[in-house]
Structure formats: C-alpha cells, structure tokens
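Take a look at the structure below.
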Amino acid sequence: MEPDHKYFLKTDRLGFSQWRSDDLPLALTIWGDAEVTRYVGGPFSREKVAARLQREIASLSTHGVQYWPIFLLETGDHVGAAGMRFRELKDPPYSVGYYLRPAYWGRGFAAEAGRAVITYAFEMLNAKTLFAGHHPENAASGKVLQKLGFHFTHKELYPPTGLMHHSYLLERPAKSTAGYR
C-alpha cells in the first residue's frame with residue numbers, strides 16, 4: 001500500500017501518480033518481472049530498472065508524460081504502470097502503453113487505464129493521433145487496443161526484441177472525448 005502517492009488522475013478503480021526517485025522497489029515489480037516484460041525484451045536487471053525509472057522521471061519533466069505508476073483506489077495497492085512516451089521526431093508523437101503486474105491481469109485494468117491515458121492525451125495534451133504497439137505473440141494486448149478504438153496500421157521493428165511488432169493508431173474523435181472516461 002502506498003498511501004503517500006498523490007493521484008493526479010483517477011478512474012473508477014485506479015489512481016495515477018508520478019514516479020519519484022525513491023520508487024525503485026515499485027519499478028522493480030514491473031520492469032524486473034519476467035512475466036510482465038517477456039514481450040518487451042525483459043526482465044531487466046536492477047540497474048536497468050533504475051535507469052528506466054530515471055528516464056520516466058526525466059520524460060515527465062521534459063515532455064509532460066511518462067508511464068505513470070497506477071494504484072487501486074480502494075486499497076492503495078500497486079497495479080502497474082500506464083501512460084505515454086514521447087516518440088522523438090515521429091508522428092504521432094505519443095505512444096500509449098501499459099504494464100500490469102500479473103495479479104491484476106484479466107480484470108479490465110488495462111482497458112480502464114488505457115481509456116484514462118487516451119482522455120488525458122486528447123484533452124490535456126491536445127494530441128490528434130496516438131500510437132500503440134504490441135509484440136506479435138501478445139494477442140491480449142492487441143484485443144485491449146482494439147477495444148480502446150485503436151486500428152491496426154502496420155508492423156514496425158521494435159529494437160529491444162528484434163521483431164516486427166503490430167502497430168496501431170487512434171485518431172482524436174471529431175466531437176468529444178467523453179466516451180473515453
């Protein structure tokens with residue numbers, strides 16, 4: 001339980017916080033976990049997770065986004081991370097994603113967190129289009145992305161795995177983003 005984390009964004013069940021430099025134990029439960037990272041080139045060593053944590057903190061400072069740590073509102077338990085990364089010199093500039101701890105798989109948290117991230121991107125960052133991708137063997141992630149409204153567009157090389165990952169785009173709705181809450 002992490003009651004000292006403040007939430008800047010909430011869904012019905014989840015609270016989004018921001019990574020802090022003392023959050024290495026939480027970061028290790030995601031990026032150090034073999035099950036969580038099997039499709040993105042992990043698991044990662046303590047040193048690599050510490051470097052990832054610092055990149056997430058720097059990303060928030062530089063670009064206003066990160067893969068934010070998420071917690072259950074009811075208990076404060078750490079669920080994983082969801083958010084965006086800024087894609088340098090690419091269009092669209094934001095990539096959406098999520099990493100959930102195995103105990104929280106299959107309970108709708110990825111879609112719930114994804115909807116919150118999409119709404120944040122469209123309303124707070126005025127994004128016009130969002131990118132997302134997944135490992136070719138991670139069909140569950142593809143189903144979540146399609147449920148969120150993303151459309152498959154192409155396959156793209158993901159250097160950490162050396163594989164062509166499935167890539168998706170989501171256009172900002174013309175009228176409103178109310179459907180994403």
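Restricting attention to the range 82-95, which residues are touching a residue at least 60 places away in the same chain (Cβ under 8 Å) and not in a loop (DSSP other than H, G, I, E, B)?
Matches in the range 82-95: 82, 83.
Looking only at the range 87-101, which residues are modelled with pLDDT of 95 or more and either farther than 22 Å from residue 149 by Cα or more than 12 Å from the chain's Cα centre (by Cα) (or both)?
101
Taking the range 1-19 as the region of interest, how many residues are part of a loop (DSSP other than H, G, I, E, B) and either modelled with pLDDT under 95 or not basic (Lys, Arg) (or both)?
Of the residues in the range 1-19, 13 are part of a loop (DSSP other than H, G, I, E, B) and either modelled with pLDDT under 95 or not basic (Lys, Arg) (or both).
Filter the range 104-147 down to the residues that are among the small types (Gly, Ala, Ser), assigned to a helix (DSSP H, G or I) and touching a strand residue (DSSP E or B) at 6+ places or on another chain (Cβ under 8 Å) and list them by number.
Just the residues of the range 104-147 that are among the small types (Gly, Ala, Ser), to begin with: 106, 108, 110-111, 113-114, 116, 121, 127, 132-133, 139-142.
Remaining after also requiring assigned to a helix (DSSP H, G or I): 110-111, 113-114, 116, 121, 139-142.
Matches in the range 104-147: 110, 113, 114, 116, 121, 141, 142.
Listed residues 36, 40; which is assigned to a helix (DSSP H, G or I), touching a residue at least 12 places away in the same chain (Cβ under 8 Å) and surrounded by fewer than 22 Cβ atoms within 10 Å (Cβ to Cβ)? Steps first, please.
Working: 40 fails: assigned to a helix (DSSP H, G or I).
Being assigned to a helix (DSSP H, G or I), touching a residue at least 12 places away in the same chain (Cβ under 8 Å) and surrounded by fewer than 22 Cβ atoms within 10 Å (Cβ to Cβ) holds for just one of 36, 40, which is 36.
Pick out the one residue from 94, 98, 168 that is touching a Leu at 6+ places or on another chain (Cβ under 8 Å), under 25 Å from residue 49 (Cα atoms) and hydroxyl-bearing (Ser, Thr, Tyr). Walk me through how you get there before you give the answer.
On the way: 98 fails: touching a Leu at 6+ places or on another chain (Cβ under 8 Å); 168 fails: under 25 Å from residue 49 (Cα atoms).
Result of the check over 94, 98, 168: 94.
Of the conditions (1) over 17 Å from the mean Cα position of the chain (by Cα); (2) of a type outside the set (Ser, Thr, Tyr); (3) farther than 19 Å from residue 41 by Cβ, residue 136 fails just one. Which one is it?
The failed condition is (3).
The values are calculated or read from the model by the stated rules, or taken from the named source; none is laboratory data. For clarity, every value in this text was computed on a predicted model and none was experimentally measured. Counting neighbours? That spans all protein chains shown, and the Cβs are built from the backbone with ideal geometry, glycine included.
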